[in-house]
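Taking it in order: structure first as structure tokens, then the write-up.
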Amino acid sequence: EPEVTQTPSHQVTQMGQEVILRCVPISNHLYFYWYRQILGQKVEFLVSFYNNEISEKSEIFDDQFSVERPDGSNFTLKIRSTKLEDSAMYFCASSVWARNTEAFFGQGTRLTVV
Amino acid sequence: AQSVTQLDSQVPVFEEAPVELRCNYSSSVSVYLFWYVQYPNQGLQLLLKYLSGSTLVKGINGFEAEFNKSQTSFHLRKPSVHISDTAEYFCAVKGGSEKLVFGKGTKLTVNP
């Protein structure tokens with residue numbers, strides 16, 4: 001069964017460093033997403049991506065964040081200069097269409113900023 | 001904007017007992033509704049969805065949910081739970097945009 005895969009599963013980084021989280025969405029899906037879950041809090045939407053551009057983003061997704069689809073399979077989230085409060089589980093998701101379909105989630109990357 | 005309220009943060013039940021996990025939402029537009037499950041140290045797995053049609057939807061692992069538009073609810077039910085159903089369950093809504101809005105989650109613990 002097709003699935004969304006994320007690497008790495010766990011990343012520890014020092015405050016101020018750049019990190020790149022990687023995702024391989026399901027191959028025939030057109031919409032890609034990043035969500036995050038800070039420990040003990042809700043899963044929050046960060047950004048959606050369609051046709052090689054951001055289609056929607058939340059207030060959390062500020063200039064420190066960027067997304068890219070560098071080739072036909074990968075979808076990445078870059079955090080330019082990490083802060084302690086960026087520590088969270090980051091989920092990548094993909095869907096065939098935008099609204100009336102379900103999103104399939106990856107296993108997540110646990111980011112710890114020290 | 002949409003919001004989701006999961007009224008119970010933790011629900012303990014005994015094995016083979018029925019369970020209902022409650023979810024209410026608010027939205028000024030029509031919505032699509034989802035339940036996701038997160039087993040320990042795993043990602044989010046889709047349990048079931050309501051997109052249109054019959055208001056009673058069936059999902060994996062014997063779960064079902066009923067969309068009630070007048071009460072803006074989408075409660076999740078299972079008639080007889082197993083130890084393996086121990087997990088965190090998230091209700092989510094998609095309204096006038098592409099993003100999913102999640103509730104805070106309900107931790108279901110099934111005891112022997």
Qualifying positions in the range B:19-39 - aromatic (Phe, Trp, Tyr) and closer than 13 Å to B:Asn68 by Cβ
B:Tyr25
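For every residue, the table says whether it meets (1) open to solvent by 10 Å² or more (accessible area, probe 1.4 Å); (2) acidic (Asp, Glu); (3) assigned to a strand (DSSP E or B); (4) closer than 23 Å to B:Gln42 by Cα.
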site	(1), (2), (3), (4)
A:Ser27	yes, no, no, yes
A:Glu44	yes, yes, yes, yes
A:Phe91	no, no, yes, yes
A:Glu102	yes, yes, no, yes
A:Thr112	yes, no, yes, yes
The range B:27-46 residues that are facing chain A (nearest Cβ under 10 Å), paired with ones that are among the basic types (Lys, Arg) (beta carbon under 6 Å, 6 or more apart):
B:Tyr32/B:Lys94; B:Phe34/B:Lys49
Quickly run through the range A:48-89 and pick out the residues that are closer than 18 Å to A:Ile26 by Cβ, in a strand (DSSP E or B) and open to solvent by less than 50 Å² (accessible area, probe 1.4 Å).
A:Ser48, A:Phe49, A:Val67, A:Phe75, A:Thr76, A:Leu77
Residue pairs qualifying under the 6 Å Cβ cut-off, at least six apart or on distinct chains, with the first in the range A:1-29 being under 21 Å from A:Pro70 (Cα atoms) and the second being part of a strand (DSSP E or B) and open to solvent by 100 Å² or more (accessible area, probe 1.4 Å), are A:Thr7/A:Arg22
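The values are calculated or read from the model by the stated rules, or taken from the named source; none is laboratory data. Model, not experiment: these values are computed from the prediction. Note that we place each Cβ from the backbone using ideal geometry, even for glycine, and neighbour counts take in every protein chain shown. Heads up: the accessible areas ignore ligands, DNA and RNA and are worked out on the full protein's heavy atoms, side chains in. Shrake-Rupley method; radii C 1.70, N 1.55, O 1.52, S 1.80 Å.
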